[in-house]
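Since every read-out is calculated from the coordinates, none of them should be taken as a lab result. Owing to the predicted nature of the structure, the values given are computational and were not obtained by experimental measurement. Quick reminder, even Gly has a Cβ in these numbers, built from the backbone with ideal geometry, and neighbours come from all protein chains shown.
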Amino acid sequence: MRILIIEDDVELGKILSDTLIKENYQADIAENLGDAKYYLDIRNYDLVLLSWAPGNEKSLPLITTIKKDAYKTSVIVLSEREDKESEIEALKSGADDFVRKPLDYDILLVRIEAKLRFGISNIIEIEDLIINPEEEKIIYQGEEIELKGKPFEVLTHLAMHKDQIVSKEQLLDAIWEEPELVTPNVIEVAINQIRQKMDKPLDITTIETVRRRGYRFCFPKKIS
């Protein structure tokens, strides 16, 4: 599970990251809204921890952006605000939970676990095609397709950003833990595996190449 921490307090952000990593979560830290939008553009997050400081009215509108582009992502607002009205405002803005600072990390972890456990399923269903990221399973017209590893992750990432053009660099950053250590050619290999093991046998097209820009998930689109 991947979590984005949006926290301008550098020390607190580091503590949150270390706490989550110890619990086997993957965590990224954004120290401002600009960095947060960058991460949200290149990666899929299961949950976002969004800091909302007193006097900062720019944080809550980000929730709308998160829910619009990735409605299955849960958002927990972390704030020093003690008034009931602020909690109501955050929840009405689309937040899934509101946790007050100073943080009780045991309570926060339980709330994170609850949101991830009871959150909306991230299964992708498009006509006869079902992609289940949690079980690394693809089913087309009732038959399971054998596609695993990085090709499966590439397909899933593109499907989650359906109709958007995703560059090789964005795919590398979103899927490979150390993207700087691999070449963009690994994306071409993964795309070729998808086409050889899935598209050609099933006579469908799931991914199209957009010259000089990247790839786009385009199913349903028949080859004929």
_Gyration tensor (alpha-carbon) shape descriptor, the chain, a/c threshold 1.5_ = prolate
*Ranked M1, M160, M198, criterion: other C-beta atoms within 10 Å, fewest first*: M1, M160, M198
_Inter-label distance for K84 and E127, nm, one decimal - labels placed 7 Å from Cα along Cα-to-Cβ_ = 5.2 nm
*Which length gain, in nm to one decimal place, applies between N185 and E208 when the Cα-Cα distance is subtracted from 0.36 nm times their residue separation?*
6.6 nm
*If we count other beta carbons within 10 Å of each Cβ, what is the order of K197, K92, fewest first?*
K92, K197
*Using Cα positions and a limit of under 19 Å, work out the lysines in reach of K92, with same-chain residues fewer than 8 apart set aside.*
K58, K67, K68, K72, K84, K115
_Helix-derived mean residue ellipticity, 222 nm - over the chain, DSSP H n ≥ 4, -39500 (n - 2.57), to 500_ = -11500 deg cm²/dmol
*Going by the alpha-carbon gyration tensor, a ≥ b ≥ c the square roots of its eigenvalues, is the range 114-199 rounded (a/c under 1.5) or, if a/c is not under 1.5, prolate (a/b greater than b/c) versus oblate?*
oblate
*Using only the Cα atoms of the range 2-118, build the gyration tensor, take square roots of its eigenvalues as a ≥ b ≥ c, and label the shape rounded, prolate or oblate: rounded if a/c is under 1.5, else prolate if a/b is larger than b/c, else oblate.*
rounded
*So which aspartates and glutamates pass the test for K221, namely a Cα distance under 17 Å, with those fewer than 8 places away in the same chain ruled out?*
E125, E127, D128, D163, D199, D203, E208
_Net charge dipole size for the chain [Lys, Arg +1 and Asp, Glu -1 on Cβ; Debye, nearest 20]_ = 940 debye
*Sort D104, D28 so the one with the fewest other Cβ atoms within 10 Å of its own Cβ comes first.*
D104, D28
*What net charge do the residues around E135 carry, taking every other residue with its C-beta under 13 Å from that of E135, with Lys and Arg at +1 and Asp and Glu at -1?*
-1
*Report the one residue of A36, V77, I165 whose Cα lies farthest in the direction of the positive end of the charge dipole of the chain (charges on C-beta: Lys and Arg +1, Asp and Glu -1; origin at the Cα centre).*
I165
_Could you tell me the relative contact order of the range 1-153? Use alpha-carbon pairs under 8 Å, at least six residues apart, and round to a whole percent._
16 percent
*If we count every other residue with Cβ under 12 angstrom of I187's Cβ, Lys/Arg +1 and Asp/Glu -1, where does the sum land?*
-2
